[in-house]
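Peer 1: My structure is below; once you've seen it, I'll send some questions.
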Amino acid sequence: MDIAEAVVSLGKRVRDHEALIETEEATKNAFIMPFISQVLGYDVFNPLEVVPEFVADVGIKKGEKIDYAIMQGGAVQILVECKKIRTDLTLENASQLFRYFTVSKAKIALLTNGRIYEFYSDLDESNVMDAKPFLRIDITDVPTRSIAHLKKLGKESFDLDGVLSTARRLKYIVEMKQVLGNELRNPSEEFVRLITRRVYRRPVTTKITEEFTGFLAEAANQLLDDEASTRLKKALQDDSAADAPARQAEEPSNPEPTRAMPETTPEELEAFGMVKSYCLSVVAGSRLAYRDGLHYMSVLVDDNNRKPVVRLYLNNPKQRRVGVFAPDGAGGRTETLHDLTTIDDLQQFADDIRQAAQMYA
């Protein structure tokens, strides 16, 4: 199971069982230990990799323990502080983690309640844990870009220098996005004057600043609308281009609701993981990729839209479908649509999906 499949599987477990968990220990067993083992790839039963109840003396406080210490090369690399599911992750809840971080050699700290995972480092001041995480994820809804970041923290790919470089980039990108968002929604006088000086050749007085504050707000709204429109047109063009060489089956009679932008859902990622598992006996897992569009997710071999395996129509919960490709006898491919009540119904078409992948083996 690769990291994307592990994230999807654990996210589903949290959604299904979160309401049943009432204690911190149960949260650890049900969600956090699987995260450490299945997502990050560390053996939670090997004390050379994961040390539970790690002891770190802090000043006059002796024998204090942190929930887990994740080891690499005999050294502590990641400290993990756990809270009960549904507990808010506040700086107050992270106080123990702050103390441990200062006296240990670890450069990465993780605060989690089993659903939310917040990763910290010491980017602002050496050996002092930052007040804000450089990466925050909800395991039930993990963006594709965050899966790549998680992989860098895993056992097989762990590289402290690379992690810290990524952490620095993520930290300041997040903060810049917040600043830009705030300035576009509610521009400060400083920001208004900065922009106004670029377009207005006369002295920028208080009256001009007040007038141009409204201009800037309207310009920001139009800019965001234009950007969304441009991306929508590109996505539609990409969908049309991908359809041309292969699509011969009728479209679903009850089409999915149109989204402004492609948005990969946890259900789609889970379905991709299922399709991938069916195909592993005929093609290497590394050759399988997905592309998400407005209307469906395509599963492709070699990330090539001329090598489609299936299309997953999951955006409309009233009519889920899978389109499975097969040779048409004339050197092309035809797509056969099958209705799905839930994505678990994909299992019924596992052999057909495997044969579709076999076309490119």
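Peer 1: Counting only residues 5 or more places away or on other chains, whose amide H sits under 5 Å from the amide H of THR334 once H atoms are built in the peptide plane?
Peer 2: ALA326, ASP328
Peer 1: Kindly state, to the nearest 0.05, the FRET efficiency for GLU211 paired with ASP339, given R0 = 45 Å and r defined as their beta-carbon distance. Before the final figure, lay out each step's value.
Peer 2: Values: r = 58 Å, r/R0 = 1.29.
Calculated transfer efficiency: 0.15.
Peer 1: Further question on the same structure: Around ASP2, what is the net charge, scoring Lys/Arg as +1 and Asp/Glu as -1 over all other residues with Cβ under 11 Å from its Cβ?
Peer 2: Details: positive: LYS151, LYS276; negative: GLU5, GLU156.
Local net charge: 0.
Peer 1: Moving to a separate point now. What relative contact order, as a whole-number percentage, does the chain give when Cα pairs under 8 Å and 6 or more residues apart are counted?
Peer 2: Relative CO of the chain lands at 11 percent.
Peer 1: Moving to a separate point now. Report for the range 1-157 the percent antiparallel among DSSP-assigned beta bridges with both residues inside it, nearest 5. Provide the component values of the computation, followed by the final result.
Peer 2: Details: 20 of 25 bridges.
If we restrict to bridges inside the range 1-157, about 80 percent are antiparallel.
Peer 1: Exceeding 19 Å between C-alpha atoms, which entries from my cross-link table qualify? They are LYS28/LYS107; LYS12/LYS177; LYS107/LYS132; LYS84/LYS151; LYS65/LYS171; LYS151/LYS171. Kindly include the intermediate steps, with their values, before the conclusion.
Peer 2: Values: LYS28/LYS107 22 Å; LYS12/LYS177 29 Å; LYS107/LYS132 14 Å; LYS84/LYS151 25 Å; LYS65/LYS171 28 Å; LYS151/LYS171 17 Å.
Result: LYS28/LYS107; LYS12/LYS177; LYS84/LYS151; LYS65/LYS171 exceed 19 Å.
Peer 1: I would also like to ask the following. Where q = 0.07, 0.08 Å⁻¹, what log10 of I(q)/I(0) comes from the Debye formula for the chain, counting one point per Cα?
Peer 2: Ignoring solvent entirely, the Cα scatterers give -0.43, -0.55.
Peer 1: Enumerate by residue number the trypsin sites (Lys or Arg not before Pro) in the range 101-133 meeting two conditions: DSSP loop (anything except H, G, I, E, B), and at most 11 other Cβ atoms within 10 Å of the site's Cβ.
Peer 2: LYS105
Peer 1: Would you please give the residues with an amide H less than 5 Å from that of VAL50, counting only those at least 5 places away or on a separate chain, with H modeled from the backbone geometry?
Peer 2: For VAL50, the qualifying residues are MET71.
Peer 1: Report for the chain the percent antiparallel among DSSP-assigned beta bridges with both residues inside it, nearest 5.
Peer 2: On the way: 41 of 46 bridges.
So the antiparallel bridges in the chain amount to around 90 percent.
Peer 1: For GLY293, list long-range residues whose amide hydrogen, built 1.01 Å from N in the peptide plane, is under 5 Å from its own amide hydrogen.
Peer 2: The answer is SER298.
Peer 1: In addition: Test of understanding: given the chain, find the longest segment containing no GluC sites (Glu not before Pro) that are in a DSSP loop and have at most 16 other Cβ atoms within 10 Å. The partial results should precede the final answer.
Peer 2: Working: sites that count: GLU22, GLU64, GLU92, GLU156, GLU250, GLU263.
Segment 264-361 is the longest.
Peer 1: Shifting gears a bit: So, how do all the Cα-to-Cα distances of the range 3-173 break down into 5 Å bins, in percent, from 0 on up?
Peer 2: 1, 9, 19, 23, 23, 16, 7, 2, 0
Peer 1: OK, next. Taking the Cα centre of the chain as the origin, how large is its charge dipole in debye, to the nearest 20, when only Lys and Arg (+1) and Asp and Glu (-1) carry charge on their Cβ atoms?
Peer 2: 900 debye
Peer 1: How many nm is it between the label spots at MET176 and ASP159, if each spot is 7 Å from the Cα in line with the beta carbon?
Peer 2: 2.2 nm
Peer 1: Hand me the chymotrypsin sites (Phe, Trp or Tyr not before Pro) from the range 1-102 located in a DSSP loop with no more than 15 other Cβ atoms within 10 Å, in residue order please.
Peer 2: Working: sites: PHE31, PHE35, TYR42, PHE45, PHE54, TYR68, PHE98, TYR100, PHE101; in loops: TYR42, PHE45.
Counting only loop positions with at most 15 other Cβ atoms within 10 Å, the chymotrypsin sites (Phe, Trp or Tyr not before Pro) in the range 1-102 are PHE45.
Computed from the coordinates by the stated procedures, all read-outs in this text should not be read as laboratory data. These figures come from a predicted structure and were not determined experimentally. Please note: Cβ atoms are built from the backbone with ideal geometry, for glycine as well, and neighbour counts cover all protein chains shown.
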